[in-house]
Amino acid sequence: MAPEQAVDVLIVSLGSTSGLRTADDELRDSLGRAGASATVARPAPPAEVPTMMLTDLMWARAARDAAREMLRRGGSPPARAVVYSSTTAAMLWPAPGAIRFDAPAAANRPGRHGLWQRPLERRRLRGAPLLLPWSEGALQEVPPAARRGDRALVLPVPVEPSGPAAPVRDIAAITYAANPSKKGLDRVLSAWRRVWAELGSVPAMELVVAGASAQELERAGLTRASERGVRIVGPLRSEDYRALVRRARVFVCAPRREDYGIAQLEALADGCMLVTTPAPGPYAALPIARALDPRLVGEDLGLALLAALDDPPSGYGARAREALHPFRRQEVDRLVAEGLLPRLLA
């Protein structure tokens with residue numbers, strides 16, 4: 001069989017979360033709008049294993065196998081440039097390429113969780129021809145030796161409104177709870193229960209919890225069956241989840257670490273007020289939320305929630321849309337066409 005026609009850019013996806021898959025598709029489409037051909041190599045999800053170290057190894061092997069297969073099918077040279085989506089996807093690379101990442105393992109794999117990942121990641125970051133962090137904060141978490149010179153281009157994941165806002169925002173608050181411990185769902189529920197005790201008699205006082213099933217949250221001891229004021233909707237299709245966000249007044253979260261915060265940026269794009277605790281990591285939405293209304297950002301999540309629901313700031317949605325201008329698809333397309341593509345294909 002003849003090899004398939006070579007493409008300009010091969011994106012080696014990790015695809016372990018819906019956010020990563022969306023980011024890869026957005027980059028492929030943006031490259032296409034810039035006039036380059038691009039394809040995504042997607043690994044088959046590996047079997048579940050008990051530790052983070054083994055999980056990363058399994059995903060790195062899956063990404064390597066997917067890249068090898070796509071490179072083999074493409075002939076020689078199979079692609080003019082390769083982009084690895086995450087440092088994990090690049091760990092066992094079959095060929096050097098640019099690395100796009102929301103955060104390095106050096107920051108989000110502390111202690112024994114990143115025992116093998118951190119030293120190999122340092123070598124990969126030094127050997128990559130180009131680094132493509134999602135945010136300036138992610139770049140600052142890379143070892144200084146790996147980011148010397150003109151080797152990096154900050155390339156956000158684009159965020160757009162998902163549709164017109166609902167005529168009436170009939171949901172008081174919504175949160176996204178996939179990986180509930182990392183997302184701090186326990187802290188969100190504790191704060192919500194305080195607010196519910198004070199405002200529970202107000203119409204539409206409901207917290208919607210998306211991204212995790214009721215059974216999962218009950219097993220973790222986070223929620224009680226039929227708890228008043230809390231509705232668990234579980235994992236949803238993206239369009240169904242964003243439709244709920246457009247009906248909510250507040251997006252509330254308390255992450256223990258935030259590598260980017262795509263759900264928070266999407267909520268701002270859909271007109272929600274963002275109520276959040278500060279968090280370590282390159283939390284892209286955090287400075288935006290502080291600038292929009294500092295009352296809604298703080299360690300006392302209950303107080304911030306109460307301020308948002310009982311004394312909402314005026315013009316918040318319009319100011320949020322203006323603040324998100326650098327994250328709009330048109331702006332990211334400009335970065336790809338003027339900054340990324342010339343350097344990838346040089």
*Just need a number here: residues in the range 104-146 that are outside any helix (DSSP H, G or I) and either more than 19 Å from V82 (Cα to Cα) or more than 18 Å from the chain's Cα centre (by Cα) (or both).*
11
*Residue identified as modelled with pLDDT of 95 or more and buried (at least 21 other Cβ atoms within 10 Å of the Cβ) among S135, S162*: S135
_Any chance L71 is at negative phi, aliphatic (A, V, I, L, M) and modelled with pLDDT of 95 or more_ = no
*So which residues in the range 156-189 are part of a helix (DSSP H, G or I) and either touching a Leu at 6+ places or on another chain (Cβ under 8 Å) or not assigned by TED's automatic domain parsing to the domain that holds L296 (or both), if there are any at all?*
P180, L185, D186, R187, V188, L189
*Quick one: what pairs do we get from the range 36-52, first residue under 30 Å from A6 (Cβ atoms), second among the polar types (S, T, N, Q) and surrounded by 19 or more Cβ atoms within 10 Å (Cβ to Cβ), C-beta under 9 Å, 6+ apart or different chains?*
A38/S30; V40/S13; V40/S85; A41/S13; R42/S13; P43/S13; P43/S16; P45/S16
_Qualifying helices (runs of 4 or more DSSP H) (wholly inside the range 248-346; at least 3 residues being touching a residue at least 60 places away in the same chain (Cβ under 8 Å) and over 17 Å from K183 (Cβ atoms))_ = 301-310, 329-335, 341-344
*Residue that is modelled with the lowest pLDDT, among those in the range 199-234 that are part of a helix (DSSP H, G or I) and either in contact with a helix residue (DSSP H, G or I) (Cβ under 7 Å, 6 or more places away or on another chain) or on the phi > 0 side of the Ramachandran plot (or both)*: L199
_Anything in the range 330-346 that is among the basic types (K, R) and loosely packed, with under 15 Cβ neighbours inside 10 Å? List them, or say none._
R334
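The values are calculated or read from the model by the stated rules, or taken from the named source; none is laboratory data. Keep in mind it's a predicted model, so treat the numbers as computed, not measured. Virtual Cβ from ideal backbone geometry, glycine too; neighbours counted across all protein chains shown.
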